[in-house]
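The values are calculated or read from the model by the stated rules, or taken from the named source; none is laboratory data. It should be emphasised that the depicted structure is a prediction, and the values quoted were computed from it without experimental measurement. Every residue, glycine among them, receives a Cβ derived from its backbone with ideal geometry; neighbour counts consider all protein chains shown. Keep in mind that these areas ignore ligands, DNA and RNA; they rest on the heavy atoms of the full protein, side chains included. Shrake-Rupley method; radii C 1.70, N 1.55, O 1.52, S 1.80 Å.
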Amino acid sequence: MTRNAAILAMVCVTLTLATAGCGEGQEIESVGFIMGVGIDEAENGRIRAWVQSAIPSAKPSESAKEESWLASAEGATVWEALRNVGAKSGKVLFLAHVRSLIIGERFARSGLKDLLDVLARVGEFRAKSWVVVTSDPVDRILGVQSPQASIAASYINALMRNAGQLAVAPRSTVLSVIAATEEAGLQPVIARAKLVPQMSPQEETPIGRRPEGKGPTSGPNREGGAAGGGAASEPGGAGGSSGADSQAPSSDAIELSGAAAFRADKMMGWLSPEDTAMLLIVKNAGGEYSFIHDLPRGRGTVAVSILSCRASFDLPKPIPTSVDAFRGARVVIRIRGEVDIRELASDESFSSLDEIEALNRGLSKQVEQRIRALVAVSQDQYGTDLLGMGEAFRQRISVQRWERDIAPRWHEVFRTLEIEPEARLEVRRRGMTVGSPKPRA
């Protein structure tokens with residue numbers, strides 16, 4: 001390196017260090033590390049924001065005991081509400097450690113555009129933060145303390161990590177929501193968080209059993225209605241909140257169950273847990289989905305888990321390239337998977353290949369029926385491509401034609417498609433208590 005080059009390098013380093021940042025640095029003791037953020041629309045039409053920050057313990061013996069500071073404020077806009085919360089804090093609020101973003105239903109139905117714009121402009125905000133929508137008061141959600149995590153934002157973070165494995169809710173992040181709102185053929189679907197009472201051991205219901213007096217979850221009285229649910233049947237309204245700063249811990253627990261369905265940035269309604277599980281299967285985002293299958297002629301039930309599953313779209317050939325050509329086009333959703341039997345509440349032993357194949361057909365038919373219900377919700381009730389079918393077509397159409405002709409009218413086009421599910425599930429393991437299947441009769 002020449003002498004001039006060395007001098008130039010030193011000057012560049014000096015200038016970089018001299019101009020880094022817009023203000024004075026902050027001591028670690030003066031920074032408030034935000035773990036959770038809540039946003040909702042207040043009853044007066046203004047925006048209310050909450051922040052939940054961790055309070056580190058000065059004593060090593062109390063390091064396992066997490067404490068938090070929760071405050072809220074209103075503003076005419078999202079940014080003003082967040083800024084007004086910061087005015088209540090004795091520390092500089094820092095968004096790089098946010099684990100969970102909780103959005104109230106009223107705000108979600110009005111549109112997420114302003115919120116996403118603010119988050120995209122905050123350089124330190126974690127794009128992989130989890131996002132949930134709730135119909136319950138946001139302050140009560142953030143006030144929940146669990147034996148597993150005393151800070152609600154950390155509690156939701158743990159629940160979301162487990163949600164994908166159990167196929168109970170989509171693993172929605174800020175990044176995935178922003179990406180989905182920008183593409184006509186890929187609509188946001190955000191996990192639903194709801195408050196449930198803490199149950200005593202005497203009140204808990206064994207897994208796979210139905211509470212006495214309750215019907216099956218797939219019946220007309222399931223949460224959200226027979227077709228996947230509207231908000232009218234939801235207790236608690238549209239997620240209004242008292243707006244006061246809440247410090248008292250809630251006696252409730254948080255449950256992830258179902259999802260909020262969106263069209264672009266506006267929430268259209270709720271998906272039931274069953275519809276959500278089918279959506280995760282169709283989008284190859286499901287984990288171990290378990291359900292109970294009623295055997296024909298009242299012979300009992302069998303509980304199974306889908307452990308390995310693959311979904312694909314069989315698109316029409318040739319691929320339509322105009323709005324008129326799309327109308328009435330037939331798309332087949334092919335599902336291929338393997339299941340394990342978890343519980344057999346029947347005298348059947350499935351000891352022959354004929355019995356096993358009959359069970360395979362019954363399980364496949366049940367999944368097909370549930371996917372048809374999801375398609376009806378997506379096409380007829382909400383009119384939004386929750387399945388991500390437009391993205392599959394977009395990849396096979398020129399960019400110019402898709403952006404100019406198809407994308408602006410995709411929701412209208414999607415409702416005209418003839419969508420038919422075709423499932424083929426096969427029992428892989430029947431259990432260790434029965435012998436090898438007998439040959440066909």
Worksheet item: What residues qualify as long-range amide H neighbours of A73, i.e. H under 5 Å apart, gap of 5 or more or another chain, H built at 1.01 Å from N?
Response: A49
Worksheet entry | Cα gyration tensor, region 80-201 - rounded (a/c under 1.5), prolate or oblate | oblate
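With the other protein chains left in place, how much accessible area per residue, in square angstrom, belongs to region 262-363 at a 1.4 angstrom probe? Don't skip to the end; give the middle numbers.
Details: 4520 Å² over 102 residues.
Heavy-atom accessible area per residue stands at 44 Å².
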Worksheet entry | Shape category assigned to region 357-414 from the gyration tensor of Cα positions, a/c cut at 1.5 | oblate
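Out of region 82-146, which trypsin sites (Lys or Arg not before Pro) are coil in DSSP terms and have no more than 13 other C-beta atoms within 10 Å?
Details: sites: R83, K88, K91, R99, R106, R109, K113, R121, R126, K128, R140; in loops: K88, K91, R99, R126, K128.
Within region 82-146, the qualifying trypsin sites (Lys or Arg not before Pro) (loop, at most 13 other Cβ atoms within 10 Å) are K88, K128.
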Response to the item:
On the formula 1/(1 + (r/R0)^6), with r taken between the Cβ atoms of R361 and K113 and R0 of 51 Å, the FRET efficiency rounded to 0.05 is 0.65
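Using alpha-carbon pairs under 8 Å, 6+ residues apart, how would you state the relative contact order of region 285-382 in percent? Before the final figure, lay out each step's value.
Values: 99 pairs, mean separation 26.7, N = 98.
Computed value for region 285-382: 27 percent relative contact order.
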Worksheet item: Using 7 Å Cα-to-Cβ label points, what is the A76/L166 separation (nm, one decimal)?
Response: 4.5
Worksheet item: Roughly how many nanometres apart are two label points built 7 Å out from the Cα toward the Cβ at E418 and S322?
Response: 2.0
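Roughly speaking, what is the stretch gain from L353 to R401, that is 0.36 nm per residue apart minus the C-alpha to C-alpha distance, in nm to one decimal?
Details: separation 48, 0.36 × 48 = 17.28 nm, distance 5.09 nm.
Net length gain for the segment: 12.2 nm.
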Worksheet entry | Sparse-neighbour loop sites [trypsin sites (Lys or Arg not before Pro); region 355-402; at most 14 other C-beta within 10 Å; DSSP] | R396
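Only bridges with both residues in region 248-373 count here: give the DSSP antiparallel percent, nearest 5. Each step should come with its number before you reach the end.
Working: 25 of 25 bridges.
Counting only bridges with both partners in region 248-373, antiparallel ones make up about 100 percent.
Which of rounded, prolate or oblate describes region 312-407 when judged by the alpha-carbon gyration tensor and an a/c cut-off of 1.5? Could the numbers behind the result be given before it?
Working: a/c = 3.60, a/b = 2.67, b/c = 1.35.
Since a/c reaches 1.5 and a/b is larger than b/c, the shape of region 312-407 is classed as prolate.
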